[in-house]
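Just below is one structure, and these are the notes that go with it.
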Amino acid sequence: MKYEHKILEEKWHKKWEQTGVFHASNESDKEKYYALIEFPYPSGQGLHVGHPRSYTAIDIIARKRRMQGYNVLYPIGWDAFGLPTENFAIKNHIHPKIVTEQNIARFKKQLISLGISFDWSREINTTDPEYYKWTQWIFLQLFQHGLAYKKEMAVNWCTSCKCVLANEEVINGGCERCGSEVVRKTKSQWMLKITAYAQRLIDDLDLVDFPDRVKAQQKNWIGRSTGMQVKFATTTGDIVEIYTTRPDTMYGATYMVMSPEHPLIEAWKDKLSNMDVICAYKEEAAKKSDFERTEVVKEKTGVELKGVSGINPLTGKEIPIFVSDYVLVSYGTGAIMAVPAHDARDWDFAKKFQLPIIEVVQGGNPKKEAYTETQKGIMVNSGILNGLTVEQAKKKIISYLEEQGIGHTKVNFKLRDWVFSRQRYWGEPIPIIHCDKCGQVAVPENQLPLELPDVDSYEPTDNGESPLAKMQDWVNTTCPKCGNAAKRETDTMPQWAGSSWYYLRYMDPHNSEALASSQAMQYWASVNWYNGGMEHTTLHLLYSRFWNKFLYDIGIVPFKEPYAKRTSHGMILGENGEKMSKSRGNVVNPDDIIREYGADTMRIYEMFIGDFEKAAPWSTSSIKGSRRFLERFWNLQSIMINEDSLRIKFEGSFHKAIKKISEDIETLKFNTAIATLMALLNEIYDSGSVTKGELTLFTILLNVFAPHICEEVWERSNLGEGMVCQHVWPTYDEEKCVDKTIEIVVQICGKIRSRLKVAADIEASAAIAAAKADKKIALEIAEEQIIKEIYVPGKLVNIVIK
RNA sequence: GCUGGUAUGGUGGAAUCGGCAGACACAAGGGACUUAAAAUCCCUCGGUAGCAAUACCGUGCCAGUUCAAGUCUGGCUACCAGCACCA
C-alpha cells in the first residue's frame, strides 16, 4: 500500500468537481462566509510558487469554515487584460484573445492540480465582453457623475510600453511593469477623480480590519496635511498665495519661491528685467522627467525674479521671489514662503543663493543646519509670537491671519487623480464618442458591451495614439445624441479597471441585467477575508475601495467598504534568498514540485515554510520533510487498531492540538499548526499503534492542509460517512487541555537549579515547601537568608537569597 | 529624510501576560538494516571547560527597570519594504 500521490490526487479532483461540494449557493439558510484571494493575471510563465502560498492559506480558511457550517464562497477568475499578453501577441503574431485563452487553460490546470477548493462554477474573466460590459457601465456612471473627465496634462509616459502610466505605476522613475524610463509628456487623458474620496479613503480605514502596515501605507500615499493658505502681497500690487504647514515660522520667511509653471510669472513678463533667463530656466525644467526633478540628492537650482518682490505680511519687509523647480505646481498653490532657518530645503537654497537666515524657533543652530524640531523650542524674532511654544504660536498666528483676512487653514492631499487611459489595444474600450457638436457623449447603455474590434496590428504607435485609432470603420460612428458623424474614443482602460469591482461579480457572476443583483450583494456583503500582496496596497486595493465607495454613493452597492479583513502574505524567494526571476535563474516551477512530491506536500511545505506574513526563501531539501510527514501519516493505516475511542494517554494531546490548530489557523500561524500535527504524529508513532478514533480525528485536522491524502485515507480506512471535507470541524474540551501533573522549575535568584513534578492545582505555599524540600535546593539555601519566595502558578518557584 | 517592519543555532523558524531560549523541521555526524545504495528506523546536534555529574556564557550593540528580560524602557547599529524637494 504505497502512497501514490499522483493517482489519488487526480481521483479527488474529479470527485470534488463531480459532486460540486465547493459550490456556493445564493440561497442558503446557513451563515455566509466570503473568502477571497487576488485573482491572477494569467501570464505566459504559468503559475509562480508564490501564488499557492496565498491560495492555500485562504483555502485552509475556506475549508475550515465549511466544516464549521458556513455557506462559503471562495471564487476564482482571471484578471486577463494587460500588456505582457499583448506584447507576446505582437511578437508571435497571435491574437491576444488566443494567447489569453491558452494562458488561462494552463493556469486553470495548475490551480486544479493544487486542490484549492475554488467554486469553479463562478469563474470570471475580465476580458469576456459579458464581464467588461459592466466595467464599461461603471465607467459611464463615473462619467455621468462628473468623476471621469478628460484633461490635457503632463503624464508619465513609458518609453518602452509607449503608454501612459498612473502615478501609482511609476516606481523610482521607472515603469512598474518593465522598468524602462518614464518621461513627462503632455497629453489629453481620461482621469478619475479619486481625490474626491481622499478623506473618506482615510477615515473609513477605521471600519476595516487591515494590517497596520497596509493602513499606514495607504494613509501615507494619500498624504493628508493640514496647513494654511496665506496671501502675500507683491510690489506690483498682485497677490501670491502660498501654502505652509508652519505658519508659526512666518517671521522667518526671508524669500519666496514659485514653481516654474506658476501662471503669475507669465503675467509679469513685462515687469521682469531678466525674463530671458527665467524663460530659459522654465524650458529646462519642462524638459526634465519627474524623476530628475524630484531627485533629492541634486543641488537646488533657481532664478530670482528681478523687478518684483514679495512682502512678508508680518514684518512688512520686502523679500525676493525666486523661481525654482523644487516647488511643485501640482501641490498646494505652487508657491511657498521660504523659512531657511527651519526647513531643510529652504536652508539648502538659501545657502546657495546667500539669502538671509533668521532664527525664529530657538534650540538649533541655523548657521549649520535647518532646525525642524517642533516639540521643544521657544519663538524668538517673531513679534507677537515671541516667548510662545511652537504649538501656541501656531494657534495664535492662525487666528491672527484669519482675522486679518489674509489666510485660512487648508487641508492638502498628495493623492492625485487617477490617470485612466492607456494607448494600447488589450484593454476595455472607453465607451465615449466625441462629437463636434455635442462634445463627449456616453455610448448608450443598451449598446454595451462596446466590444474590442479585431485589428490586424496591435503595435503601439509612436505618435502616442492607441492602435484602435487606425481602425477607421470602428472609429467613425454617429453621435448617439445628434446623429451627426462622430468619432469613438480610442484609448482603453488600464489593467486595474476590471479588478476594481470583480469581488462584486463573483456574488452573482451570470447576471445579465446588472453587475450583480442587489439581493446577492446584500447576502454576500462584504468580503470577510481578503488576502493579497503588499505590492497592491496603493494600487488595486486603493482603487477598488474608491470604486466601491462610488457605487455605494449611487446606491448600487449596499456596503461602504469592499473588504472587511485584509491580510498579506510574504514573498517566496529563490533558494539564494533573492527574488525569484528568470534572469537570476532561481525560479521554481510548481508543476515540477507537484509531479515529484504531490500537491499535498507542496501545500504543507508552503504553509510550514515560516511566518506567513514574511518573505521566505525556497528550500528544496526542506520540502522532503513535508513529504516525510505525509508518508508517516499514510503509514498510520497499517498500524490502525479497530477501536473507536481515543486512548486516555492521548486525550490531552488531541484536545490541545484541536485548540492550538483552531486558533493558529485564525491568526495565520499555519507553520505552528503543522508543527503541532507533526508533534502529535510523532507521539502516536512512539506508541506503535493508532486507534480508528484517533486516526479519524487526525485526518479531519490534517484535511484542511493536505486534502487529497486525507480523503483517500478516510475512504480506505472507512473512517466515516461522505468525504472528510463534509465532516464537522472538531471542538475541544478546555478541561482536557489541562494536565493533572506538571513540571515546575525551581530557581534560586532566577537561575534554574532543579525541577519538580507537582499537581497542577498546587497551592503557592505547598509548591514553595516542596521546592525547599528538594535535596539540591535544601543544600543551597541551608546557610542562606531568604529574602523572597515567588510562585508562578504552573511555571516556577523562585527563591531569592541574600 | 519620513513611515512601517526585521535582527534568535550550520539553515528555515518556535517561545500567551516578562517566568525552562532553540518547539517543529532541514542540513550535518554516528549507528542499525542491506551484498551495496536508496528508503526507513535509532542516537547526537548553540558555545566553552570537563571522563562525567555539572558549571559558566549565549536571542544585533550599549545602558536601565525587575526576584526574573528574546519579551518592557531609553539610546544606538545593520538590513528589508514603501514613500520621498508634497512646503
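Quick note: the coordinates plus some simple rules give every number you see, no bench work behind them. The shown structure was predicted, so the numbers you read here are calculated from the model rather than taken from an experiment. Cβ coordinates were reconstructed from backbone atoms using ideal geometry, including for glycine residues, and neighbour counts include every protein chain displayed.
Can you give me the Cα centroid spacing of the stretch A:142-200 and the stretch A:23-68 in angstrom? With the stretch A:142-200 and the stretch A:23-68 each reduced to a Cα centre, they are spaced 32 Å.
Could you sort A:579-591, A:341-353 so that the peptide with the highest average Cβ count within 10 Å comes first and the rest follow in order? Display every interim value, and only then the final one.
On the way: A:579-591: 13.5, A:341-353: 19.8.
With the highest mean Cβ count within 10 Å placed first, the list reads A:341-353, A:579-591.
Seen from a random direction on average, the alpha-carbon convex hull of the stretch A:673-802 projects onto 10.5 square nanometres.
Shape analysis of the stretch A:146-215 based on the Cα gyration tensor places the equivalent ellipsoid semi-axes at 28, 19, 7 Å, largest first. Where a ≥ b ≥ c are the square roots of the eigenvalues of the C-alpha gyration tensor, would you call the stretch A:302-410 rounded, which needs a/c under 1.5, or, failing that, prolate if a/b is larger than b/c, or oblate? Oblate, since a/c reaches 1.5 and b/c is not below a/b. For the residue pairs A:Lys187/A:Lys470; A:Lys317/A:Lys376; A:Lys91/A:Lys150, the alpha carbons lie more than 23 Å apart in A:Lys317/A:Lys376; A:Lys91/A:Lys150.
Straightening the chain between A:Glu451 and A:Ser638 buys 61.3 nm, computed as 0.36 nm per residue apart minus the Cα-Cα spacing.
Close amide H partners of A:Ile378, meaning residues 5 or more places away or on another chain with modelled amide H under 5 Å apart, are A:Gln362. Here each label is just a point 7 Å from Cα along the line to Cβ, and for A:Ser160 and A:Thr667 those points are 4.3 nm apart.
Within the P(r) computed for the stretch A:142-284, what percentage of the Cα pairs occupies the region above 25 Å?
Working: 5687 of 10153 pairs.
I get 56 percent for the Cα pairs in the stretch A:142-284 exceeding 25 Å.
List the GluC sites (Glu not before Pro) within the stretch A:1-99 that DSSP assigns to loop and that have no more than 12 neighbouring Cβ atoms inside 10 Å.
Details: sites: A:Glu4, A:Glu9, A:Glu10, A:Glu17, A:Glu27, A:Glu31, A:Glu38, A:Glu86; in loops: A:Glu4, A:Glu27, A:Glu31, A:Glu38.
Hits after loop and neighbour filter: A:Glu4, A:Glu27, A:Glu31.
Between A:Thr333 and A:Tyr243, the built amide H atoms are under 5 Å apart, and every one of these is 5 or more places off in sequence or on another chain. Please state the shape class of the stretch A:211-329: rounded when a/c is under 1.5, otherwise prolate if a/b exceeds b/c and oblate if not, all from the C-alpha gyration tensor. Verdict is oblate for the stretch A:211-329. Projected onto planes of every orientation and averaged, the convex hull of the alpha-carbon atoms in the stretch A:492-603 covers 10.4 nm². Under 5 Å between amide hydrogens, built in the peptide plane, is the criterion, and for A:Val588 it picks out A:Val49 among residues at least 5 positions away or on other chains.
What do you get for Rg/Rh of the stretch A:373-496 when both radii come from the Cα atoms and Rh is the Kirkwood radius? Don't skip to the end; give the middle numbers.
Working: Rg = 27.2 Å, Rh = 19.4 Å.
Result for the stretch A:373-496 is an Rg/Rh of 1.41.
Can you show me the helix-derived [θ] at 222 nm for chain A, built from DSSP H runs with n ≥ 4 at -39,500 (n - 2.57) apiece and divided by the number of residues, rounded to the nearest 500. Calculated from helices alone, the mean residue ellipticity at 222 nm is -10500 deg cm²/dmol. For chain A, the relative contact order is 14 percent, taking Cα pairs closer than 8 Å that sit 6 or more residues apart in sequence and dividing their mean separation by the residue count. Using the Cβ-Cβ distance between A:Asn167 and A:Lys396 with R0 set to 51 Å, the FRET efficiency works out to roughly 0.85. Rounded to whole numbers, the Karplus 3J(HN,Hα) couplings from phi for the stretch A:345-357 are 5, 5, 4, 4, 5, 4, 4, 5, 9, 6, 9, x, 10 Hz, using 6.51 cos²θ - 1.76 cosθ + 1.60 with θ = phi - 60°, and x at Gly and Pro. Sparsely packed loop sites in the stretch A:714-766 (the trypsin sites (Lys or Arg not before Pro) outside DSSP H, G, I, E and B with at most 16 other Cβ atoms within 10 Å) comprise A:Lys740.
So what's the angle, to the nearest 10 degrees on a 0 to 90 scale, between helix A:83-92 and the longest Cα principal axis of chain A? Helix A:83-92 sits at roughly 90 degrees to that axis.
Based on DSSP, what percent of beta bridges with both residues in chain A are antiparallel, to the nearest 5? Spell out each step's value before the answer.
Working: 69 of 94 bridges.
Antiparallel bridges make up about 75 percent of those DSSP assigns within chain A.
Over 27 Å between C-alpha atoms is what I'm after, so list which of A:Lys108/A:Lys659; A:Lys282/A:Lys414; A:Lys282/A:Lys437 land there. Walk me through the numbers before you get to the answer.
Working: A:Lys108/A:Lys659 35 Å; A:Lys282/A:Lys414 23 Å; A:Lys282/A:Lys437 37 Å.
Beyond 27 Å between Cα atoms: A:Lys108/A:Lys659; A:Lys282/A:Lys437.
In units of the compact-protein estimate 2.2 N^0.38 Å, chain A shows a Cα radius of gyration of 1.20. Rounded to the nearest 20, the Cβ-based charge dipole of chain A about its Cα centre (Lys and Arg +1, Asp and Glu -1) stands at 1220 debye.
Over 24 Å between Cα atoms, which of A:Lys219/A:Lys579; A:Lys231/A:Lys549; A:Lys151/A:Lys487 qualify?
Values: A:Lys219/A:Lys579 27 Å; A:Lys231/A:Lys549 36 Å; A:Lys151/A:Lys487 18 Å.
Too far apart for the 24 Å limit: A:Lys219/A:Lys579; A:Lys231/A:Lys549.
A simple spin-label model places the labels of A:Val728 and A:Gln440 5.8 nm from each other, with each point 7 Å out along Cα-to-Cβ.
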